[in-house]
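Colleague: First the structure, which I've put down as structure tokens, then a few questions once you've had a look.
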Amino acid sequence: MREIVFLCAEQEAEHLSDVLLDLGVLSVSVEDANENTDQERPLYGEPGLEPEVFAWDKNRVVALLPEHLNATDLVQELHDQKVIALTDNDWFVREVPDNDWVRLTQSQFGPIEVGDKILIVPSWHLEDELAQQAIAQDKVCIQLDPGLAFGTGSHPTTHLCLEWLAEHLQPEQTVLDYGCGSGILAIAAQKLGAGHTDGVDVDEQAVISTRSNAENNQVQVNALLPDQLSDGQYEVVVANILSNPLKMLAPMLCSRVKPGGHLVLAGIFDWQIAEMREAYAEYLELQPWRDRDGWICLVAHKAN
């Protein structure tokens, strides 16, 4: 296959990408043409916030060409539509290696150890020596394939929540995983001996993913959308989302914790501790539990 690569300025990248898709290219990506140089600059800030601009000062717009689409004809069409002024030095075509993309993608995801008790294993690594050793040692093995929902087990916030569950969850305690994503925390809770476990997410794809992953791991997780969650409280409520939605959800999450239970929050930068504690102060007293790579896990205990 072939890719056509355009060099363009910040204000041209988004419009050029839209027109290329209209003209029949298979996909478009925008890259920083100054990457790995002194002129490279970051584009994105805190997760969940939109950047001020949607391209870099100088961009590579890369389009994957179908077999029938001639690169020269495509450039001529862009010229005729006055989309962008291009010289011969502003674009080029390159070959794309004919790789086994499934195998290549899978090779990027190996088993992930979390503390002393948990191993996250993609399905294509179930027979690996590390996975077999973990099973022999009675570790909690979670089969989880990367998918559309957040939560492959590699992010520090996921590790923090898994570690808390492994160290503190008691047998048969009820669990609510709010913002369940792939369902990894709810599945881990079940494998660690939890009782009734609900997983909730605003994204229907995440609910589907959680149900599928729970079935693959042979555990019972009731995955549903927020408006499908019935009244009730839980001995452990865990939410690994982001700081802004966590602040908005404070009254609801705290009300879901049983007296004597725990609230576990992640998705929070360490510099956001004070504002998170303030947002929850009316309901529960959050305390830092553990941090990793600039992220913090905050935990609160509700008095009996």
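Colleague: How many residues does the stretch 273-299 contain that are of a type in the set (Ser, Thr, Tyr) and under 15 Å from Ser243 (Cα atoms)? Reasoning before the result, please.
Modeller: To start, the set of residues in the stretch 273-299 that are of a type in the set (Ser, Thr, Tyr) comprises 280, 283.
Filter again for under 15 Å from Ser243 (Cα atoms), leaving 280.
Count: 1.
Colleague: In the stretch 88-117, what count of residues is obtained for those that are at pLDDT below 90 and either of a type in the set (A, V, I, L, M, F, W, C) or closer than 16 Å to Phe6 by Cα (or both)?
Modeller: 7
Colleague: So, one more: Given Ala279, Ala274, Ala300, which one is surrounded by 14 or more Cβ atoms within 10 Å (Cβ to Cβ), part of a helix (DSSP H, G or I) and without any contact (Cβ under 8 Å) to a residue 60 or more places away in the chain? I'd like the intermediate steps shown before the answer.
Modeller: On the way: Ala274 fails: surrounded by 14 or more Cβ atoms within 10 Å (Cβ to Cβ); Ala300 fails: part of a helix (DSSP H, G or I).
Criteria check complete, one pass: Ala279.
Colleague: Separate question: Residues that are at pLDDT 90 or above and of a type in the set (Asp, Glu): which strands (runs of 3 or more DSSP E) entirely in the stretch 134-228 hold 1 or more of them?
Modeller: Values: elements: 140-143, 175-178, 197-200, 222-224.
Qualifying strands (runs of 3 or more DSSP E): 175-178, 197-200.
Colleague: Does at least one position in the stretch 267-285 carry a residue that is of a type outside the set (Phe, Trp, Tyr), out of contact with any strand residue (DSSP E or B) (no Cβ under 6 Å at 6 or more places or on another chain), at pLDDT below 95 and assigned by TED's automatic domain parsing to the domain that holds Leu160?
Modeller: No; the residues of the stretch 267-285 include none that is of a type outside the set (Phe, Trp, Tyr), out of contact with any strand residue (DSSP E or B) (no Cβ under 6 Å at 6 or more places or on another chain), at pLDDT below 95 and assigned by TED's automatic domain parsing to the domain that holds Leu160.
Colleague: Of all residues being in a loop (DSSP other than H, G, I, E, B) and among the hydroxyl-bearing types (Ser, Thr, Tyr) in the stretch 30-86, which is modelled with the highest pLDDT? Just the residue, please. Please lay out each step first, then the result.
Modeller: Residues of the stretch 30-86 that are in a loop (DSSP other than H, G, I, E, B), as a first pass: 33-57, 66-70, 81-86.
Those left that are additionally among the hydroxyl-bearing types (Ser, Thr, Tyr): 37, 44.
Values: Thr37: 69, Tyr44: 50.
The extreme case among them is Thr37.
Colleague: Quick test for you: out of His159, His196, His168, pick the one residue that is within 17 Å of the chain's Cα centre (by Cα), under 23 Å from Val264 (Cβ atoms), in the same structural domain as Asn240 (by TED's automatic domain parsing) and not aromatic (Phe, Trp, Tyr). Full working, then the answer.
Modeller: Details: His196 fails: within 17 Å of the chain's Cα centre (by Cα); His168 fails: within 17 Å of the chain's Cα centre (by Cα).
Only one candidate qualifies: His159.
Colleague: Which pairs have Cβ atoms under 9 Å, sit 6 or more apart or on different chains, and link a residue in the stretch 236-256 that is under 20 Å from His196 (Cβ atoms) to one that is in a helix (DSSP H, G or I) and of a type in the set (Ser, Thr, Tyr)?
Modeller: Correct list of pairs: Asn240/Thr157; Asn240/Thr158; Leu253/Tyr280; Cys254/Tyr280.
Colleague: Related question: Report, by residue number, each residue of the stretch 229-241 that is in contact with an Asp or Glu (Cβ under 9 Å, 6 or more places away or on another chain), assigned to a loop (DSSP other than H, G, I, E, B) and surrounded by 14 or more Cβ atoms within 10 Å (Cβ to Cβ).
Modeller: Correct list: Leu229 only.
Colleague: Using beta carbons and a limit of 6 Å, which pairs, at least six apart or on different chains, have the first residue in the stretch 60-78 and surrounded by fewer than 17 Cβ atoms within 10 Å (Cβ to Cβ) and the second one assigned to a strand (DSSP E or B)?
Modeller: Cβ pairs passing all conditions: Leu64/Glu3; Leu64/Ser27; Ala71/Ile4; Ala71/Val93.
Colleague: Let me ask something else. Answer with yes or no whether Val257 is over 23 Å from the mean Cα position of the chain (by Cα) and buried (at least 21 other Cβ atoms within 10 Å of the Cβ). Quick ask: steps written out before the conclusion?
Modeller: On the way: over 23 Å from the mean Cα position of the chain (by Cα): yes; buried (at least 21 other Cβ atoms within 10 Å of the Cβ): yes.
The answer is yes for Val257.
The values are calculated or read from the model by the stated rules, or taken from the named source; none is laboratory data. This is a predicted model, so every value here is computed, not measured. Note: ideal-geometry Cβ built from the backbone for every residue, glycine included; neighbour counts use all protein chains shown.
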